[in-house]
Amino acid sequence: MEGSKERFHWQSHNVKQSGVDDMVLLPQITEDAIVGNLRKRFMDDYIFTYIGSVLISVNPFKQMPYFTDREIDLYQGAAQYENPPHIYALTDNMYRNMLIDCENQCVIISGESGAGKTVAAKYIMGYISKVSGGGEKVQHVKDIILQSNPLLEAFGNAKTVRNNNSSRFGKYFEIQFSRGGEPDGGKISNFLLEKSRVVMQNENERNFHIYYQLLEGASQEQRQNLGLMTPDYYYYLQSDTYKVDGTDDRSDFSETLNAMQVIGIPPNVQQLVLQLVAGILHLGNISFCEDGNYARVESVDLLAFPAYLLGIDSGRLQEKLTSRKMDSRWGGRSESIDVTLNVEQAAYTRDALAKGLYARLFDFLVEAINRAMQKPQEEYSIGVLDIYGFEIFQKNGFEQFCINFVNEKLQQIFIELTLKAEQEEYVQEGIHWTPIQYFNNKVVCDLIENKLVRTGPEDWASSAGLASPPRPQPLIPPNNVSLQVSYDVNGFCERNRDVLFSDLIELMQTSEQLPPHRTDSQALKSPSPNCPTARIQTPPRSHICPLQPCSAAPTRSQDEGVPPGDSPAFPLRVKHQVEYLGLKENIRVRRAGFAYRRQFSKFLQRYAILTPETWPQWRGDERQGVQHLLRAVNMEPDQYQMGSTKVFVKNPESLFLLEEMRERKFDGFARTIQKAWRRHVAVRKYEEMREEASNILLHKKERRRNSINRNFVGDYLGLEERPELRQFLGKRERVDFADSVTKYDRRFKPIKRDLILTPKCVYIIGREKVKKGPEKGQVREVLKKKLEIQALRGVSLSTRQDDFFILQEDAADSFLESVFKTEFVSLLSKRFEEAARRALPLTFSDTLQFRVKKEGWGGGGTRSVTFSRGSGEVAVLKASGRSLTVSVGDGLPKKPPSGSVLTMLAKSSPNPTIILINASTLITPGGGFQQPLRGPPSSALRASRRPRARPPSEHNTEFLNVPDQGVAGERKRSVGQRPVPGVGRPKPQPRTHGPRCRALYQYVGQDVDELSFNVNEVIEILMEDSSGWWKGRLHGQEGLFPGNYVEKI
């Protein structure tokens, strides 16, 4: 990983050991051993540790260097053991399991307040956003998922004495995926917002972030319109803590506005949201004084601005804050009376309105996020459960009681998933198992739910024994009786009521400036829900239901906020968390249990590819199929057990072995497919190159045999192993052509040169002796000429079968000879057209001239080259002054004779196995060429040709000619009609009696599809084709043979 600490692969010899990565491997399972291992890793900046599938995270309260894109690439698709423990590894495993098993997944994040749960949730969502694909719509959903964090943090997080960015609400974030794994939707469920923080904060704490962001980041126009002042002006920001180290409220405010924009909240609604936030601040400044035992607004002037911001009448606001309507029923009759409130009741009514407005505003934002991510149907999902952690303060009130109760419920879920359910599964499946004892906090949760929460707001305190004068009462956490939390019950009943009177609801329904929410008659205008003690039961239960069918990946966070790692307080602070989180019992269950379990059918579906008997489907008892698979991979019997419906694998290494073998199988299949496809693409490429070369010389130049019908290699010098030549090219310059050529100077003296063609330049490289220095006398490569392609004036060639060509330049021309001139000129023409946007000028003439550079008294001028008819294929050069005569025999004709070379489409199969066929060369599907043995004399060939051998166009237009015996001629069959790779050869035709022929000459087949025969052998003719290539049978074998080698009998 990046940073000062270097991380290595676990198999590396220089791997740094810091405790154990997985605490299942601890030699002793005690609280002290667990704390010691966490401390050792924490001191070395290893904040993550495994307990099987459970990830332990210790909050370092500093930015760590291993959350970059490099780590995302490192953990994506990697097995758990391949890299150090990381939250990316857990997330990747969860994401892959969702796609593999087609099951919803969830991650449960628990721990004390300040343990880093919210940051962990953000890293999970960030990783999923990075590794999942998708188009524009998916990217929009990803942006909403990521931007929902700063928005919800602004309105739902606050500074506490333990954490500068503490979540003051719980949320279950569900990321929804398509079947291809792209995030295309989502849903957030929020619960138990700490509304009391809006009106009151403890010492050294702050209100929600959005208030301070608004006061710091608002523009001058916004400050004027919203009446914003400094934080100490507002009663609801009564705490003296306005700034937080490491927090830039101004920058965060811009991020919050951007998040609302991404989510799709219109600018006018954004303004209403900020207007409501400011209105709540101004509402808190309304104070009351006593007037004849009744409340009266102390300063009427302070009513105007909150009434303006909330869109209501200031007079009615004053009336509803100091009085309320009460309905009385007597004898079936009811009447409404106005009750004037005292100062305490008026202050409570004001605060209830402020809390109700803020809670509904928060719900509106959550619903806006959900609307932006909504999808018509759910397919797969990954849920992230993130709630505020267990809190233990000097003074613990009603809010801490509710928070800690929800954490007890979450701990109960964790116990159900990791301890209770696992052991019960072993018993149900018939696995030999010794039960491990653990404390189940269900009794604590039942006690609170049955005795305290379910009773009404007026009498629950008396049922709990709180009717006597209030005194702190302890609540014992489940896993450690020595950890006691004392709660101050003062104000429990008042805070539990949290009633918003109907008068205020009716007043707010008259407002037209509140953000739209659900329907016009609901939203911020709907009645308040029940008391908190009735509500705190609903969130845990409502989220247990969706979690039960999911595969859970628990994450436990440890809080190291106060003592540093080398402090004596470190073990004490961590030990109590280790105890109440039940880590020791969890390690014992994981060590004695099995790391992996899967139903027989799913196991077979996953690993069936490992054996031929199980692939593609096992046709027998599923249990026997699983046993067959495990025996086939040589897994030791003590590494697994067979249950009644599931197979249990003990060690993760055994599972990794199965996964690695499966990956190798798929890798082998993928390589086979890639090989066939690349071969197919290469053949098409070579055919295109040969076709282009054929078009250049068609009707213009005689050719040598096999100058086109061969593989175009390109690099004939092996530049990859020639650094002395590569030095003249650019660092990443690609080579199209490289060959050793002969250059002729002004006196027609031949000189060896290396010719290199790249997409931009032509290089001519020579060799010279070093004349001085320590390398004197040694031969070194020298760049003789570097010519940009678009600077070329043209290329000149003769009409005969020679290998000469002239590169025409502005200053001086180059007279060169190369046996691969056709390939070079073809590639040069293509590159010139790409660079200059026009065709390369080509000149064909038997009298050529090239210009030479002026040197000394010898003069410059031009040199003349004349090509004449000679004998043989070897050119004979004769220089005379400034002219050169080249004599060479006749080559293959410029225009191909009719019926010379054809592409044969076997009528018995739509996928021919021979691509190009002519009398001298066979082009196989692999792109190679074979030269047949010498055939009969040309006179015999002419005599053997029948009048019936008319041009193929007269018979079948699907057959397109290529040059006879390699002559540059008509186009071969369109490249687009090439068969796809992997198609088998045509099946042999059934034996039939038909015409026969006798061999006039010996023929040796050059490919598996050809027949070999001797003189006078009789061949059964299966098919005659106008191309001149027939299909026949001899000695039980079928194949192709040239029709002019035989005569019918």
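What the table shows:
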{"item": "Anisotropy class of region 802-841 from Cα gyration tensor, a/c 1.5 cut", "result": "oblate"}
{"item": "Label-point separation, Arg96 to Leu877 (7 Å along Cα→Cβ), nm", "result": "6.4"}
{"item": "Distance violations [Cα-Cα > 31 Å] among Lys243/Lys409; Lys130/Lys602; Lys187/Lys584; Lys743/Lys830; Lys142/Lys760", "result": "Lys243/Lys409; Lys187/Lys584; Lys142/Lys760"}
{"item": "Over region 312-425: Kirkwood hydrodynamic radius from C-alpha pairwise inverse distances, Å", "result": "19.9"}
{"item": "Other-chain or far-sequence residues with amide H under 5 Å of Arg767's (modelled H)", "result": "Val782"}
{"item": "Highest to lowest packing among 277-289, 308-320, 1012-1024, scored as the average C-beta count within 10 Å", "result": "277-289, 308-320, 1012-1024"}
{"item": "For Ala115, distant residues with modelled amide H under 5 Å away", "result": "none"}
{"item": "Mean accessible surface per residue for region 595-663, computed with a 1.4 Å probe while every protein chain stays in place, in Å²", "result": "55"}
{"item": "List Trp618, Trp1029, Trp330, ordered by accessible area with a 1.4 Å probe, largest first", "result": "Trp330, Trp618, Trp1029"}
{"item": "Extension gain from His1035 to Lys395, taking 0.36 nm per residue of separation minus the Cα-Cα distance", "result": "220.1 nm"}
{"item": "Heavy-atom surface of region 236-378, accessible at 1.4 Å and reported per residue (Å²)", "result": "49"}
{"item": "Distance (nanometres) between label positions extended 7 Å along Cα→Cβ at Val300 and Glu31", "result": "6.5"}
{"item": "Contour excess over end-to-end distance, with Cα ends at Arg780 and Asn1016 and 0.36 nm allotted per residue", "result": "78.9 nm"}
{"item": "Equivalent-ellipsoid semi-axes of region 595-663, from the Cα gyration tensor, Å, largest first", "result": "17, 14, 10"}
{"item": "Karplus-derived HN-Hα couplings along region 1011-1021 (A = 6.51, B = -1.76, C = 1.60, θ = phi - 60°), whole Hz, x at Gly and Pro", "result": "8, 10, 8, 9, 4, 6, 6, 9, 10, 7, 8"}
{"item": "Percent accessible area from carbon and sulfur atoms, region 150-264, protein chains only, probe 1.4 Å", "result": "42"}
{"item": "Within the accessible area of region 996-1048 (1.4 Å probe), percent carbon and sulfur", "result": "42"}
{"item": "Trypsin sites (Lys or Arg not before Pro) lying in DSSP loop within region 149-241, provided at most 14 other Cβ fall within 10 Å", "result": "Arg179"}
{"item": "For region 996-1048: rounded, prolate or oblate by the Cα gyration tensor [a/c cutoff 1.5]", "result": "rounded"}
{"item": "Full-extension gain in nm, Asp890 to Lys760, via 0.36 nm per residue minus C-alpha separation", "result": "43.2 nm"}
{"item": "Förster radius 51 Å - calculated FRET efficiency between Val1004 and Gln599 (Cβ-Cβ, nearest 0.05)", "result": "0.25"}
{"item": "Label-zone membership for region 334-359, site Ser328, 7 angstrom Cα→C-beta point, backbone N under 14 Å", "result": "334-340"}
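The values are calculated or read from the model by the stated rules, or taken from the named source; none is laboratory data. Fair warning: this is a prediction, and the values are worked out from it, not measured in the lab. Cβ atoms come from the backbone with ideal geometry, glycine included; neighbour counts cover every protein chain shown. Remember, those area values only see protein heavy atoms, side chains included, never the ligands or the DNA or RNA. Shrake-Rupley method; radii C 1.70, N 1.55, O 1.52, S 1.80 Å.
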